[in-house]
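*Asks:* Sharing a structure with you now.
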Amino acid sequence: MSRGHLELGLFAPTVGRMDPIGPPTMYLVSEVPQQVSITYEANRRLAHMLDRGGLEFFFMAQRGGRGFGASRFWSHALDSFTVAAAIADATERLRIVSTVHTAFYHPAMVARMGATLDQISGGRWGLNLVSGWAKPEFEMIDIPFLEHGERYRQTEEFTEVLRLFWNEDGFDYEGDYYTIRGGYAQPKPEGTPPLFNAGASDAAREFVARHCDWYFTGALSAEQLRDDAKDIRARAARHGRDIKVIVYLFGLIRDSEAQAQAEVEEIMARRDDDAARALIEGLSGQSLGTFAKGFGEGVAEAELLHNTIIGVGSGKLIGTHQQAADALEAYQGAGLDGAVFCFRNFEADTASFIENVVPILETRGIRRPRR
């Protein structure tokens with residue numbers, strides 16, 4: 001019996017590190033060989049693969065600055081708006097999501113870009129809203145790095161103004177961060193593009209509940225996702241809204257469990273603890289030790305580093321094709337609507353996932369059969 005349709009796709013390689021800065025990497029904080037390319041051509045090939053394979057999401061992060069740690073992890077980044085335009089024109093069904101740092105763009109400009117992308121994509125484009133967390137990226141372009149709660153208040157105003165430009169003409173808006181007089185933008189999108197956010201704090205979740213269509217959770221397990229989904233949907237219900245839940249997962253899916261575990265050992269043997277520490281401290285605004293203490297007794301710094309090195313804090317699907325399908329079934333049962341993946345060897349692993357895991361999900365009724 002069908003349980004619904006679990007939407008799937010990629011956390012696309014628009015952010016990572018490439019030569020000449022260092023060996024290619026994206027979601028493994030390790031010097032282990034990885035087949036990933038932070039180029040438009042690589043992203044175009046992956047988008048075609050998803051489109052032909054009947055998957056739904058092409059989700060793009062956005063970064064700036066020199067990266068993290070001495071190895072400059074995440075030093076390369078493509079622009080997710082221009083990539084979205086090209087990918088939209090090159091695909092037929094794929095849903096494409098760009099990311100915007102709300103402190104770096106004016107909502108009037110994003111409204112116009114979004115309306116254009118809506119035309120190019122035929123209504124397949126959406127927007128991930130990020131308040132920002134890497135202080136050096138703000139400092140590089142001389143934009144004030146506001147306190148966490150204030151950054152979300154700015155993002156809330158950004159979203160209100162963005163939606164007004166998409167839905168009204170001749171409006172006025174007076175806020176703490178934006179003032180609009182006679183706001184006007186034509187053309188408008190055919191329908192309001194879906195909005196996403198991945199914040200985990202109370203302020204972030206309240207923002208999602210009021211304004212977003214999708215909550216992007218970093219849940220590490222089906223049990224954690226169940227709690228996250230229950231919380232965000234209860235918050236949204238208080239505002240008379242429904243929310244879908246999407247998660248990002250790192251997949252190391254092989255023919256045998258032993259093979260997958262051997263690769264984990266290989267990754268950890270060449271791990272980049274310095275970059276992993278810089279990522280954690282940049283995200284949390286705390287030292288690694290202080291951050292670890294916030295999780296309570298029994299959470300070691302080494303555990304946090306391990307979880308960051310493999311998949312940058314994502315949930316993990318490590319094992320066989322059947323085990324990956326089992327895990328996705330558990331996630332769906334906990335309230336999941338969609339998942340986007342990152343891999344060690346992006347093109348080969350994406351092709352293998354479509355060939356070996358997706359048919360299992362279809363057989364079990366977790367996904368509808370592809371056309």
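*Asks:* Over the chain, what is the relative contact order in percent, taking alpha-carbon pairs closer than 8 angstrom and at least six residues apart?
*Replies:* Relative contact order, the chain: 22 percent.
*Asks:* Among Phe346, Phe81, which comes first, then next, by fewest other beta-carbon atoms within 10 Å?
*Replies:* Going from sparsest to densest Cβ surroundings: Phe81, Phe346.
*Asks:* Neighbour counts of other C-beta atoms within 10 Å: give me Tyr178, Tyr152, Tyr215 arranged from fewest to most.
*Replies:* If I rank by nearby Cβ atoms, fewest first, I get Tyr178, Tyr152, Tyr215.
*Asks:* DSSP beta bridges in the chain, what fraction antiparallel, as a percent rounded to 5?
*Replies:* 20
*Asks:* Please compute, for the alpha-carbon atoms of the range 70-148, the extent along each of the three principal axes and give them in descending order in Å.
*Replies:* For the range 70-148, the Cα spread along each principal axis is 40, 32, 18 Å.
*Asks:* Can you check what the net charge comes to around Glu174, using other residues whose Cβ is under 14 Å from the Cβ of Glu174 (Lys, Arg +1; Asp, Glu -1)?
*Replies:* Its environment carries a net charge of -3.
*Asks:* Multiplying the sequence separation of Arg45 and Thr179 by 0.36 nm and subtracting their Cα-Cα distance, what value in nm do you get?
*Replies:* Length gained, Arg45 through Thr179: 44.0 nm.
*Asks:* Where Lys and Arg each count +1 and Asp and Glu each count -1, what net charge lies around Thr91 among other residues with Cβ under 10 Å from its Cβ?
*Replies:* +2
*Asks:* Would you kindly state the longest site-free stretch of the chain, with sites defined as GluC sites (Glu not before Pro) in a DSSP loop (not H, G, I, E, B) surrounded by at most 13 other Cβ atoms within 10 Å?
*Replies:* 191-296
*Asks:* Something else about it: Between Ala348 and Gln186, what's the calculated FRET efficiency when r is the beta-carbon distance and R0 is 51 Å? Round to 0.05.
*Replies:* That gives a FRET efficiency of 0.70.
*Asks:* Within a 10 angstrom radius of the beta carbon, how do Thr192, Thr350 rank from fewest other beta carbons to most?
*Replies:* Result, fewest neighbours first: Thr192, Thr350.
*Asks:* Moving to a separate point now. Charges on Cβ only, +1 for Lys and Arg, -1 for Asp and Glu, centred on the Cα centroid of the chain; of Ile87, Ala275, His148, which one is farthest towards the dipole's positive end?
*Replies:* The one lying farthest along the dipole's positive direction is Ile87.
*Asks:* Related question: Calculate the dipole size of the range 206-253 relative to its Cα centre from +1 charges on Lys and Arg beta carbons and -1 charges on Asp and Glu beta carbons; express the result in debye to the nearest 20.
*Replies:* 200
*Asks:* Nearest 20 debye, what's the magnitude of the dipole of the chain about its Cα centre given +1 on Lys and Arg Cβ and -1 on Asp and Glu Cβ?
*Replies:* In debye, rounded to 20, the chain gives about 760.
*Asks:* Between Ala237 and Asp172, how many nm apart are label points set 7 Å from Cα along the C-beta direction?
*Replies:* Label at Ala237, label at Asp172, 4.0 nm between them.
*Asks:* Can you give the % of DSSP beta bridges in the range 36-153 that are antiparallel, to the nearest 5?
*Replies:* Taking every DSSP beta bridge within the range 36-153, about 10 percent pair in antiparallel fashion.
*Asks:* Counting only pairs 8 or more places apart or on different chains, how many lysine pairs in the chain have C-alpha atoms closer than 25 Å?
*Replies:* 6
*Asks:* Ordered by residue, what ³J(HN,Hα) values in Hz, to whole numbers, does the range 23-30 give under the Karplus form 6.51 cos²θ - 1.76 cosθ + 1.60, where θ = phi - 60° and Gly and Pro are x?
*Replies:* x, x, 7, 9, 10, 10, 8, 7
*Asks:* Now, a different point. Here are a few candidate values for Cα extents along the principal axes in Å: [x] 63, 49, 43; [y] 83, 43, 39; [z] 58, 48, 34. Which one was actually calculated from the structure I just gave you?
*Replies:* Answer by label: [x].
Laboratory data are not the source of any read-out in this text; all were calculated from the coordinates shown. All values derive from a computational prediction rather than experimental measurement. Cβ: placed from backbone, ideal geometry, glycine included. Neighbour counts: every protein chain shown.
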